[in-house]
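See below for the structure under consideration.
The values are calculated or read from the model by the stated rules, or taken from the named source; none is laboratory data. Quantities reported herein were computed from a predicted structural model and do not represent experimental measurements. Note that we place each Cβ from the backbone using ideal geometry, even for glycine, and neighbour counts take in every protein chain shown. Side chains are part of the model used for accessible areas, which takes the heavy atoms of the whole protein and leaves out ligands, DNA and RNA. Shrake-Rupley method; radii C 1.70, N 1.55, O 1.52, S 1.80 Å.
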Amino acid sequence: MVLVAPYFLFLLLLIPIIVFIYIKTRKNSLYSIKHPRVSMSNELKSKYYAKDIPFILTMIALTSSIIALARPAKVDTSANINGNGIYISLVIDVSPSMLAEDMTPTRLEASKKVIIDFIKKRNYDKISLVSFALRSTVISPATFDYKTLENEVRNIQIDKNGSTSIGLGIATAVDMLRSVKEDNEKVIILLTDGENNSGEIDPTLASQIAADFNIKIYTIGIGDASGSSAWVTYDDANYGKRRIRTTFTLNEKSLIDIAKTTGGRYFNAKTSSALDNVYSTIDKLEKKPILDDSNVKYDDSYKIFILIAIICLVLSIILSTTKFLIIP
């Protein structure tokens, strides 16, 4: 049994206040009747205390109503199992080199399109999203909300700090996946076009930590290991937009080692169509029942409290206007 909206229980603090005010005012409320007889004294005494019964019923009704607002319910955990899937963390390089125009229109935009297509094909995989350059950022925690995830991918922007912290990007993804208790496959898809040149965490150490948590890393290298050049359009603070021919180096060996350490695979993607290879490989991984924590279903139990409140309130009204009617 859980309370879906427990904050409503703070209203119970009003109960002792109401009772205190009632007791204070009750002391000054005395019976007065015409032509009293001594024989009526015991009856009057008992009836004096009986006049509290309608108030007590009202307090029970108020208490039950507050509990009903808090929504007591039983959690239907079986409703959380949607199907068979895996846990995936998409880790995307957003350093300025991803502005290279050897993919249409840029490496980043081409990558975003393929990633969105990949997300659209998911059914029961739980996906998180991380970007990295000088720092790493969790754009989205693990979710089944693919529509929101697609929008987050579309909104990814280049980080102009100009560094690539691959180790930090991996470590951030590992930190999210390591808490998964289910015995499902856990995968990091790392997409980068450079080599690690900043950050406090070495990629080799980060990949070893991933392996310790049984997390596979599939690395995607964009570009050519022997070096390549491409046009890049930069926003210059002094001169506005500048289009420059730039040479890029892809540290393919490092990405191969990262994948090998974790039992994953390395893919080279010189074109946007080559990116599809890694996603078809991911589809072949073993999938197991996966929990959708965001789709919890509740079996509400608040109706019984509403019924109690109605009965007590009706009894309070009836008794206060008939049996326990007080004439001041």
Hey, residue 220 in contact with a Leu (Cβ under 8 Å, 6 or more places away or on another chain), assigned to a strand (DSSP E or B) and among the hydrophobic types (A, V, I, L, M, F, W, C) or not | yes
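Which residue out of 292, 299 is under 30 Å from residue 4 (Cα atoms), modelled with pLDDT under 75 and surrounded by fewer than 13 Cβ atoms within 10 Å (Cβ to Cβ)?
Checking each option against the conditions leaves just 299.
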Scanning the stretch 302-328 for residues that are open to solvent by less than 70 Å² (accessible area, probe 1.4 Å) and at pLDDT below 85, which turns out farthest from the chain's Cα centre (by Cα)?
-> 326
Name the residues in the stretch 126-169 that are assigned to a helix (DSSP H, G or I), hydrophobic (A, V, I, L, M, F, W, C) and open to solvent by 10 Å² or more (accessible area, probe 1.4 Å), would you?
-> 168
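Of all residues in the stretch 114-125 being in a helix (DSSP H, G or I) and open to solvent by less than 20 Å² (accessible area, probe 1.4 Å), which is farthest from residue 180 (Cα to Cα)?
Restricting to residues being in a helix (DSSP H, G or I) and open to solvent by less than 20 Å² (accessible area, probe 1.4 Å), the top hit is 114.
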Test: residue in the stretch 190-203 that is under 29 Å from residue 233 (Cβ atoms) and part of a helix (DSSP H, G or I) = yes
Lone unmet requirement of (1) at pLDDT 75 or above; (2) part of a helix (DSSP H, G or I); (3) surrounded by fewer than 17 Cβ atoms within 10 Å (Cβ to Cβ); (4) not aromatic (Phe, Trp, Tyr) for residue 277 = (1)
Pairing a residue in the stretch 242-269 that is farther than 16 Å from residue 214 by Cβ and in a helix (DSSP H, G or I) with any residue that is open to solvent by less than 80 Å² (accessible area, probe 1.4 Å) and among the aliphatic types (A, V, I, L, M), where Cβ atoms lie under 7 Å and the two sit 6 or more apart in sequence or on different chains, gives 252/225
Tell me which residues, restricted to the stretch 202-213, are within 20 Å of residue 176 (Cβ to Cβ) and open to solvent by 50 Å² or more (accessible area, probe 1.4 Å).
-> 202, 205, 208, 209, 212, 213
Could you please find all residues in the stretch 170-184 being touching a Lys or Arg at 6+ places or on another chain (Cβ under 7 Å) and open to solvent by less than 50 Å² (accessible area, probe 1.4 Å)?
-> 177, 180, 184
May I ask you to list pairs of residues, at least six apart or on different chains, whose Cβ atoms are under 9 Å apart, with the first in the stretch 60-84 being modelled with pLDDT under 85 and the second being outside any strand (DSSP E or B) and basic (Lys, Arg)?
-> 83/287; 84/287
Looking across the stretch 243-256 at residues that are open to solvent by 100 Å² or more (accessible area, probe 1.4 Å) and within 20 Å of residue 108 (Cβ to Cβ), the single one that is modelled with the lowest pLDDT is 247
